[in-house]
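Structure first, then comments.
The values are calculated or read from the model by the stated rules, or taken from the named source; none is laboratory data. The structure presented is a predicted model; accordingly, all values stated were derived computationally and were not measured. Cβ coordinates were reconstructed from backbone atoms using ideal geometry, including for glycine residues, and neighbour counts include every protein chain displayed. Please note that ligands, DNA and RNA were not included when accessible areas were found on the heavy atoms of the full protein model with its side chains. Shrake-Rupley method; radii C 1.70, N 1.55, O 1.52, S 1.80 Å.
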Amino acid sequence: MERPVRALLRRIGVGLFLALVVVFTSFLLVKLGAGPTDLLLGGPSPGVEERAQLVQDYGLDRPAFVQLVRYAIRVLGGELGRSWLTGESVLSELLHRLPATLELMLYAILLGTLMAVPTGMAAAFARDTAEDRTVRGTSVLGEAMPPFFLALLLLLVFFRWLDIAPAPSGRISIVLSPPPTITGSYFIDAFLMQDSIAARSALAQLVLPVFTLALMLGASLTLLVRGAMLAQMDAPHFVYARAQGMSREMLTIIALRGALPAIGGGLAAQSAALLSMTALVEYVFAWGGIGQYGLEAMAKADFAAVQGFILASAAIAATVHLLHAVIRRLARIRIRRA
Amino acid sequence: MIGGMLRLLRVLARRRMGAVLALVVLVGFALAVLARPVVWPHPPGAQEAGLVLQGPSLAHPLGTDGNGRDVLARVIDGARYAFAVPLAALALAILLGAPLGLAAGLGGGWFDALLRRVFQGISLVPPLLLAMALVAAMGPSLRHVVFAIGLLEAIVFARAMRDEVRALHERGFVEAATAAGNPLHRLVLVHLLPNTLARIAGEIPRQAAWALGVLAAMGFVGIATAADTTEWGSMIREGVEHLYAGQWWVVVFPGFALLVFGTALRVLAESIDEHGPRRAASGAMLAGVPGRPAGALTPRGAA
Amino acid sequence: MLLDVQGLRVDRIATGPQGEPVPEPALAGVNFCIVKGRILGLVGEHGAGKSLAASAILGLLRPSARLVGGRALFEGQDLLRMSEADLTRVRGARIGFVVQSGHATLDPNSRVGAQLVRAQSIHRPIVKAEAAWRAETIMSSMGIPEPRLRAQAWPHELTPGIVQRVVLGLALINEPQLLIADEPTAGLDITTQVQILDLLHLELRRRRIGGIIITRDLGVVAQYCDDIAVMYAGQVVEQGPVMQVFARPAHPFTRSMISDAPERLGIAGRQIVPPRMEPEQGCSYRPRCADATERCLVAPPLVGAGVHAARCHFARIAAA
């Protein structure tokens with residue numbers, strides 16, 4: 001009983017330390033910045049009162065260490081400050097935009113996995129043949145592709161030339177009003193409200209950004225699946241399964257099941273890269289998620305928003321890692337309980 | 001038997017071909033940068049009022065942009081950034097990261113553990129976004145771009161260095177060299193560093209490709225530099241409105257330059273992964289025949 | 001004749017100094033044969049190519065090895081020229097395979113009982129309940145206590161001895177005509193080794209099927225096998241009935257093995273890597289042979305009478 005408790009405490013301690021490192025990084029961001037902190041946070045020309053308020057809130061007249069402690073306390077308390085551009089609370093703006101980003105990422109992960117797993121498996125089975133080399137070559141090309149350029153290429157072909165995709169103007173056609181918020185996904189909400197025009201528009205808006213992200217994610221995931229499958233196929237139990245006379249289908253299932261932990265781990269490790277790609281793709285499609293919000297805040301020097309965005313990104317990445325750890329734990333318990 | 005040998009040779013040539021081709025592409029870009037002022041009549045900055053947004057033609061093979069500037073000249077000029085920024089960032093990253101990793105690997109203990117956790121924490125923030133935020137905070141300047149990228153890549157090199165040193169340590173390498181009476185500086189310079197070079201060198205093309213992508217993303221969002229430059233990401237940013245209007249060449253050509261340059265670097269990285277010293281142990285896959293252990297390095301100067 | 005291997009040649013693709021693949025002959029014409037109902041002991045030093053020969057016969061070579069030539073006639077059909085689909089019907093059904101012990105050989109993601117059921121379903125349509133019953137039956141005949149309970153276990157929950165009994169059960173559950181056991185007791189403790197070998201021997205005798213036991217231990221051959229094939233540097237240098245070979249070993253390598261077994265065979269952890277073979281360099285054992293003469297610069301022929309043969313210029317084999 002004692003050891004699990006100690007392990008848990010250790011984990012919580014490590015988690016807390018990591019959170020502090022992230023907060024410190026975000027704090028350092030404005031400290032490294034050009035110009036006084038209050039100007040970075042309050043915009044290029046804050047009023048006298050606003051400046052005084054900022055100095056008081058962040059303790060800007062105190063030593064740097066005190067500022068850091070204050071900042072950490074504020075952040076851990078959920079206080080991310082105000083954007084000088086919109087005058088809104090950064091936290092509420094981020095929360096408002098989060099569903100849009102999550103929707104995009106979720107669909108991209110689903111579609112990307114759906115494309116990458118069969119392709120990577122086929123490449124592994126055809127190791128070192130022309131097909132395998134083609135798949136690997138395409139994947140390397142995909143890894144080198146800047147996400148925003150792929151998005152623009154797809155827009156050029158499907159929006160400008162073929163005119164079958166809608167303009168990159170956000171999550172729903174600009175002539176329609178968004179459906180009332182239920183899940184936060186425009187498509188699902190419009191569907192639930194039985195508003196077929198809005199649902200169709202939301203779906204059409206989703207296609208290109210999701211496809212861009214799925215292709216980007218699929219490229220690296222394909223190589224990952226291929227590597228994990230090859231590792232399984234070199235394992236003694238796989239050779240033994242062949243010696244038992246198993247058919248190709250059964251061998252595929254055995255190898256895939258063995259490769260799942262590695263694929264899951266790789267997917268979790270890709271979460272940071274996926275977040276970056278999502279931000280750039282959102283920016284191109286004016287998606288209105290936290291990625292576009294963050295990048296625009298950077299371009300317009302809105303640093304309370306930038307800090308909030310950095311913290312939110314870290315929080316999403318940490319959540320993915322946590323989820324992955326929990327799933328892995330559960331899978332292991334399933335085997336142990338038997 | 002002879003047929004088998006021939007087939008093997010052909011496979012070998014085809015595999016190396018990727019690396020050769022990648023080098024040809026990179027050298028080609030470099031030559032183009034050097035030759036452009038002499039060979040090409042249109043300077044990248046020259047605006048011709050009558051020639052705004054012309055499609056590809058004989059005089060302007062890649063067309064002209066919204067200010068009547070030659071896209072070919074600008075794409076070639078942009079390669080300067082693609083070489084300079086990643087190289088400078090890499091130099092900074094190795095200079096910062098390698099000593100840190102060396103200290104962590106040799107010292108071990110609490111310093112190693114602390115550094116590991118700090119890196120883990122920083123890595124929770126997607127590095128591309130963190131680099132962009134850093135540059136946004138410090139202000140638009142290539143020097144800041146190099147600093148931000150170098151800082152984040154230093155983590156990669158510190159980790160690689162630390163793992164290599166640790167691995168050598170665990171194999172009794174450090175003890176052997178110390179027992180032979182080597183002072184610390186000799187241990188590091190003569191015995192440790194040469195054995196970690198392969199790993200460090202192997203990381204370089206991949207990190208260069210990453211740096212190129214970050215630079216382009218910063219240019220695309222418009223935080224890399226103050227003025228408009230021929231950096232490919234910035235060129236794409238300027239061209240987006242024209243792309244939607246149908247003048248695709250303003251975006252597509254700098255984009256392709258990015259893609260080709262980045263692919264060349266990644267192909268180089270893959271080739272090093274496959275044929276470099278760390279993967280030389282693939283012979284161990286034979287059923288029942290022992291090979292060298294995976295990832296075996298031959299220590300030099302161990303005696 | 002159950003299995004007749006003739007002139008089996010396999011190249012190993014090694015990695016050269018620049019990382020380029022280099023083919024090296026690993027099996028240079030292996031000949032041996034098994035008669036129904038008899039057990040052949042395939043012995044040799046570490047790296048002589050025993051396991052490689054078994055992998056080649058079953059078409060299980062890794063990508064880093066390549067079949068160059070030879071024949072392996074199993075009940076009149078050449079396994080080396082069989083299509084993968086046909087081979088799939090032979091493996092596990094007509095030829096059972098027992099690999100080196102350890103958890104690594106069982107599928108780590110399936111329960112033991114499910115693996116025994118699956119092994120049956122590969123080769124014929126099954127009724128689930130019947131297959132499960134057969135799985136339990138074979139587990140108990142392999143001497144596994146409480147088979148019903150153990151069938152629900154995952155491989156990593158079992159002791160190495162039990163795992164090896166399961167592997168043996170997997171190899172026998174489809175009633176093959178031939179069983180190949182590749183170092184079936186490597187890594188087990190001595191008591192378990194004896195138990196597993198006794199069980200293997202008993203099952204082979206009871207079912208009257210052919211068996212190949214690959215081992216480095218001459219004691220195992222003496223106790224459990226009818227015939228012996230001695231491998232050295234990718235070739236069978238001597239084959240014959242165990243009694244005859246042990247009484248009058250014809251090849252100098254066999255003689256040296258018998259005179260200082262078991263240390264010679266690398267059981268004491270000593271690895272003796274045989275030199276690479278070049279046919280033009282003559283007998284591959286020449287560098288280690290005490291009796292080598294100038295004649296040994298020419299590759300030796302197979303000298304033999306009846307069932308006992310050796311690959312040595314000076315072999316004197318008396319007719320049995």
Hey, any hits in region C:90-109 for a residue that's open to solvent by 10 Å² or more (accessible area, probe 1.4 Å), at pLDDT 90 or above, among the aliphatic types (A, V, I, L, M) and on the phi < 0 side of the Ramachandran plot?
yes
Return only the number of the condition from (1) open to solvent by 50 Å² or more (accessible area, probe 1.4 Å); (2) away from chain A (no Cβ under 11 Å); (3) more than 25 Å from B:F111 (Cβ to Cβ) that B:V145 does not satisfy.
(1)
Among B:V250, B:V221, the single one that is over 19 Å from B:V75 (Cβ atoms), surrounded by 18 or more Cβ atoms within 10 Å (Cβ to Cβ) and more than 20 Å from the chain's Cα centre (by Cα) is B:V221
Among the residues of region C:72-89, which ones are in contact with a strand residue (DSSP E or B) (Cβ under 7 Å, 6 or more places away or on another chain) and either within 18 Å of A:G245 (Cβ to Cβ) or surrounded by fewer than 14 Cβ atoms within 10 Å (Cβ to Cβ) (or both)?
C:A72, C:F74, C:D78, C:L79, C:L80
Filter region A:299-333 for residues that are charged (D, E, K, R) and more than 21 Å from B:A217 (Cα to Cα); the one that is surrounded by the most Cβ atoms within 10 Å (Cβ to Cβ) is A:R328
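Which residues, taken from region A:158-170, are at positive phi and open to solvent by less than 80 Å² (accessible area, probe 1.4 Å)?
At the first step, the residues of region A:158-170 found to be at positive phi are A:163, A:170.
Matches in region A:158-170: A:G170 only.
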Members of region A:34-75 that are of a type in the set (D, E, K, R) and either surrounded by fewer than 18 Cβ atoms within 10 Å (Cβ to Cβ) or within 29 Å of the chain's Cα centre (by Cα) (or both):
A:E49, A:E50, A:R51, A:D57, A:D61, A:R62, A:R70, A:R74
Residues of region A:171-212 being open to solvent by less than 70 Å² (accessible area, probe 1.4 Å) and hydrophobic (A, V, I, L, M, F, W, C), in sequence order, are A:I172, A:L176, A:F187, A:I188, A:A190, A:A198, A:A199, A:A202, A:A204, A:L206, A:L208, A:V210
Within the set of pairs 6 or more residues apart or between chains, which connect a residue that is under 16 Å from B:P37 (Cα atoms) inside region B:58-70 to a residue that is open to solvent by less than 10 Å² (accessible area, probe 1.4 Å) and charged (D, E, K, R) with Cβ atoms less than 7 Å apart?
B:H60/B:D70
Which of the helices (runs of 4 or more DSSP H) contained wholly in region C:78-168 include at least 1 residues that are at the interface with chain A (Cβ under 10 Å from one of its Cβ atoms) and out of contact with any Asp or Glu (no Cβ under 9 Å at 6 or more places or on another chain)?
C:84-90, C:112-123
Across region B:54-105, what is the total count of residues that are of a type in the set (A, V, I, L, M), out of contact with any helix residue (DSSP H, G or I) (no Cβ under 6 Å at 6 or more places or on another chain) and assigned to a loop (DSSP other than H, G, I, E, B)?
2
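Kindly evaluate B:I223 against the criterion of being out of contact with any Phe, Trp or Tyr (no Cβ under 6 Å at 6 or more places or on another chain), within 12 Å of chain A (Cβ to nearest Cβ) and among the β-branched types (V, I, T). Show your work before the answer.
Working: out of contact with any Phe, Trp or Tyr (no Cβ under 6 Å at 6 or more places or on another chain): yes; within 12 Å of chain A (Cβ to nearest Cβ): yes; among the β-branched types (V, I, T): yes.
Taking the combined requirement at face value, the residue satisfies it.
Could you list, in sequence order, all residues of region B:230-242 that are farther than 15 Å from B:V52 by Cβ and in a helix (DSSP H, G or I)?
Kept after step one, since they are farther than 15 Å from B:V52 by Cβ, are these residues of region B:230-242: B:230-237, B:240.
Selection gives B:W232, B:G233, B:S234, B:M235, B:I236, B:R237, B:V240.
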In region A:113-131, anything loosely packed, with under 13 Cβ neighbours inside 10 Å and β-branched (V, I, T) is listed as A:T129
Selected residue [within 23 Å of A:A318 (Cβ to Cβ) and within 14 Å of another protein chain (Cβ to nearest Cβ)] from A:V69, A:V5, A:V14:
A:V14
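State which residue is farthest from A:R136 (Cα to Cα) when the search covers only region A:239-271 and only residues that are more than 8 Å from chain C (Cβ to nearest Cβ) and surrounded by 20 or more Cβ atoms within 10 Å (Cβ to Cβ).
The selected residue is A:S271.
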From the list B:R80, B:R69, which residue is at pLDDT 90 or above and open to solvent by 50 Å² or more (accessible area, probe 1.4 Å)?
B:R80
Against the condition in contact (Cβ under 8 Å) with a residue 24 or more places away in the chain and away from chain B (no Cβ under 14 Å), how does C:E45 come out, does it pass?
no
